[in-house]
Amino acid sequence: MFKGFYTVATGMVAQQRKTEILTNNMANANTPGFKSDQTTIRSFPDMLMSAVGSTNIPTEKGFALKKLDTIGALNAGVYLQETMPDQAQGQIYSTGLTTDVALINSQIPTDAASGNAGQIFFRLENENGTESYTRNGNFTLDGAGNLVNPMGLFVLDANGNRMQFANDNIRIDSTGAIFDENNAQVGTLGVAFSANPDVLVKRGNGLYDTLEGEALPSAYGQAGVQFSMQQQYLEGSNVDAAKAMTDLLTSYRAFEANQKVLQAYDKSMDKAVNEIGRV
C-alpha cells in the first residue's frame, strides 16, 4: 500500500468538514447574535516505519547504540482538532421593535487560564428548567404575555424568574431595567457572564449551554465587567461574508488538490496490480 494513500484521505475529510462549517457561517450571515465558527486543523504525529522481520531490534536504553532497519517516516495525515465560535461583537442595527434588545460589550475581562476574553449572554429557561444562553435579543411576547425568544424559551430576569407583561409598551434602559407604560420598574433583564466562553457547548439556534448544566453567574456586579443594552436594536452576526467566501474557495481548492493526488495513487495501484503483476 502506498504510504500517502490514507494521508491524502484524511486531508480530504478535514477540508470537507471545514467547508461545511464555512458554509454554515455564510448561511447565518444575517442571523441576529450569530457567532461564526473557527476551525483548527492539526497533523497527526509522524510515525517511523521499520522493516518487517528485521532482527536488528534495539535493546539498549535510548536506542542510540543500534541502528534500526528503517524505511522512512510516515505522515499520518491531518484532522480537524476543534471548532470554536468567534465571540467578537457584531454590528448593532435598528429594528424599531420594543421587545428587541441589543447586548453591548463595554469592558470584558480576560480569563487568566485561557488568555481569552469572557462573554456575556441573555439568560433563557429551557423546557427542562435548566438555563441556556444567547446573544440574540430578538424577543417577543407569547399569548400569555411572557417574554420569550424565537424558539419560545422564556427570557429570565436578573433573579432567574420569568418575565410577564400586559403588553409590549415597555421601556428598557441601558442598564437592562424594564419599565411599564406608567414608568414603574417591573424587572431587569437577566445577563450571565462566562469567564471562558470556549468551554460552552454551542447547540444551534444561537444557544449555548454549560458542560454540566450548571447556571452561569450573573454579570451584574462582576468585577471588571461593564456592558449596556439598547432597546429597539439587535446585534447582528459577526460573520465576515467576504472572508468566509475566500476561505471557502481556498478549502475547496485544497480538497480538490487532495482528490487529484488520491486519483493518482489509485491509478498507480491499478497499474501495479493489473500490469506489473502479469510479469
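The values are calculated or read from the model by the stated rules, or taken from the named source; none is laboratory data. This one's a predicted model, so the numbers in the text were calculated from it and none came from an experiment. Cβ coordinates were reconstructed from backbone atoms using ideal geometry, including for glycine residues, and neighbour counts include every protein chain displayed. Areas reflect the complete protein model, heavy atoms only, side chains present, ligands, DNA and RNA absent. Shrake-Rupley method; radii C 1.70, N 1.55, O 1.52, S 1.80 Å.
With all protein chains in place and ligands, DNA and RNA left out, the 1.4 Å accessible area ranks I170, I92 as I92, I170, largest first. Once the C-beta distance of R42 and A264 is scaled by a Förster radius of 22 Å, the resulting FRET efficiency is 0.30 to the nearest 0.05. Estimated at the nearest 10 Å², the accessible area of K267 is 150 Å² with a 1.4 Å probe.
Per-residue ellipticity at 222 nm for the chain, helices alone: DSSP H runs ≥ 4 residues times -39500 (n - 2.57), over residue total, nearest 500 deg cm²/dmol?
-7500 deg cm²/dmol
Which residue, F255, S94, V273, has the largest displacement toward the positive end of the dipole of the chain when charges sit on each Cβ (Lys, Arg +1; Asp, Glu -1)? After comparing all options, I get V273. Using a simple spin-label model with pseudo-atoms 7 Å out from Cα toward Cβ, A223 and Y6 lie 5.1 nm apart. Amide H contacts under 5 Å for A219: V191, A192, F193, restricted to partners 5 or more places along the chain or on a different chain, H placed in the peptide plane at 1.01 Å from N. Across the accessible surface of the chain, with the other protein chains kept in place and a 1.4 Å probe, carbon and sulfur atoms take up 52 percent.
Taking 0.36 nm per residue of sequence separation and removing the Cα-Cα distance, the T250/E127 pair yields an extension gain of 40.2 nm. The listed residues T7, T134 rank as T7, T134 when sorted by accessible area, largest first, using a 1.4 Å probe.
Calculate the FRET efficiency for N30 and A76 from the Cβ-Cβ distance with a Förster distance of 45 Å, rounded to the nearest 0.05. The computed FRET efficiency comes out at 0.65.
Going from most exposed to least, what order do T210, T250 have by accessible area with a 1.4 Å probe? Working shown, then result.
Details: T210 15, T250 85 Å².
Correct descending sequence by accessible area is T250, T210.
In the range 81-153, the inverse of the mean reciprocal separation of distinct Cα atoms equals 14.6 Å; this is its Kirkwood hydrodynamic radius. Highest mean packing comes first when the peptides 150-163, 211-224 are listed by Cβ atoms within 10 Å, giving 150-163, 211-224.
Based on the Stokes-Einstein relation at 20 °C and a viscosity of 1.002 mPa s, and on the Kirkwood radius from alpha carbon pairs, the range 121-279 is assigned a translational diffusion coefficient of 110 µm²/s.
Taking Cα atoms only, the orientation of helix 5-27 departs from the longest principal axis of the chain by about 20 degrees. Springs between alpha-carbon pairs under 10 angstrom, Gaussian network model over the chain: which of V225, V101, V261 fluctuates most? Evaluated over the chain, the most mobile residue of the options is V261.
For the chain, the convex hull drawn through the C-alpha positions has a volume of 198 cubic angstrom per residue. When the P(r) of the range 85-204 is calculated, the portion above 23 Å amounts to 32% of the C-alpha pairs. Histogrammed with a bin width of 5 Å, the alpha carbon distances of the range 141-191 distribute as 5, 23, 30, 29, 12, 2 percent, first bin at zero. Accessible area per residue for the chain, computed on protein heavy atoms with a 1.4 Å probe, is 56 Å². Shown here: the range 158-217, whose C-alpha atoms stretch 42, 21, 18 Å along the first, second and third principal axes, sorted largest to smallest.
In this simple spin-label model, placing a label point 7 Å from the Cα along the Cα-to-Cβ direction at both T175 and A144 gives a separation of 3.0 nm. Given +1 at the Cβ of Lys and Arg, -1 at the Cβ of Asp and Glu and no other charges, the dipole of the chain around its Cα centre is 1460 debye to the nearest 20. Ligands, DNA and RNA aside, I104 has an accessible area near 40 Å² when probed at 1.4 Å. Does anyone have the angle between helix 241-274 and the longest principal axis of the chain? Alpha-carbon axes, 0 to 90°, nearest 10? Helix 241-274 sits at roughly 20 degrees to that axis.
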